[in-house]
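Read-outs: derived from the displayed coordinates by stated rules, not from any lab. Everything quoted here is computed from the prediction, not taken from an experiment. All Cβ positions, even for glycine, are placed from backbone atoms using ideal geometry, and neighbour counts span all protein chains on display.
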Amino acid sequence: SMKSTTRSVKMADTTVLKLRPKAPMICHSSDTVLGVSQMLASKRGDAAIITDSSGGLAGIITDTDVTRRVVAKKLPPSSTRVSDVMTANPTCVSSSDSATDALVTMVENHFRHLPVTDDNGAVVGVLDIAKCLNDAITKLEKQKDKSSSAAEDAVKQMASLQGAGGAQAAALQQLLGPLLSQAFGGQSSPTLRTILAGKLSTIASPGTNLQEVGSMMAEARKAALVVDNGKLIGIFGFKDMMTRAIAKELPLELTSVSTVMTPNPESVSPDTTVLEALQIMHDNRFLTLPVCEDNGRVLGVVDVMDCVYASGGADGWRSIFASAMECDDITDTASVHSTHKSVKSVTGGGS
């Protein structure tokens, strides 16, 4: 009987709760888009859970929805009810569901956010795929640091033999390389140039007003890149539109994007692979990454989700998330008593 109990503990370990869902930011369905945007801006959130009069889950609204369903449609945020523009009855997961299944659901359906309910159906959290991905990469990195450096030395040796394939060697040495190529059946990771081909561009000039920028962002479902004389000078995303423009009640048609953009963003070469881009976004906590040719010509922008979809199917991600969960099990059981106190204080701070 001993065997069965350990197995159930292991299963319990890998529930959705293990992913540490963010606390939900809750609004009422009668609230206005302006009110919800201001609440999210004050809490630095990007998605609100909407409840009905009985406190049950009515819907979800994200920063992207505010641009696509309010700004682009020229609705007034101060008099538009959130219930008219939210996603009603969103897909949810229970906190006792399998963590890996929840993540795969998000990848397969292109959900960035997924509400988490308790056994009574009350919303107790929200999963954010970008945060889950960051956490998984961090866990895998820690695991890799712990495992012997012999494997790394072997890779380095192989790399030096390849000589000319320096970039390839660098990719090999990257943490995710071996794991991902295994997870995705050994195919090499596509470059950002490939995934940008045929995509709508979201390039604006510094003087473009926010109404026009919002319409462009809504159509392409991408952040706007601000380009002056062929040079990238800023980026303006969906969260920026919600927190810097809508929440502050700026007049969209009279506000130039240059006054609210994030200036001088980092950019990467189009020859960067999707895996390298994921690593860069993880290391810098970026959600979006502008892509520019070596001569400075702006090609477009990719986000975390583009890279997730482009690097392989849900089955590949399933094995990666599962590997990350296993790292957790190893570290947890090794020092369950000594780490508990410190872990609590770290997670208490919610990001």
In percent, what relative contact order does the range 33-133 have, based on Cα pairs under 8 Å that are 6 or more apart in sequence?
-> 22 percent
State log₁₀ I(q)/I(0) for the range 194-314 at q = 0.19 Å⁻¹ as given by the Debye formula over alpha-carbon point scatterers of equal weight, solvent excluded.
-> -1.01
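With the cut-off at 20 Å, tell me which of the pairs 222/248; 74/222; 74/199; 131/199 have Cα atoms farther apart than that.
Details: 222/248 22 Å; 74/222 18 Å; 74/199 25 Å; 131/199 25 Å.
Violating the 20 Å limit, Cα to Cα: 222/248; 74/199; 131/199.
Determine the sum of side-chain charges near residue 231: Lys and Arg each +1, Asp and Glu each -1, restricted to other residues whose C-beta is under 15 angstrom from that of residue 231.
Its environment carries a net charge of -3.
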Rank 245, 261, 273 by how far each Cα sits towards the positive end of the charge dipole of the range 238-292 (+1 on Lys, Arg Cβ; -1 on Asp, Glu Cβ) and give me just the farthest.
-> 245
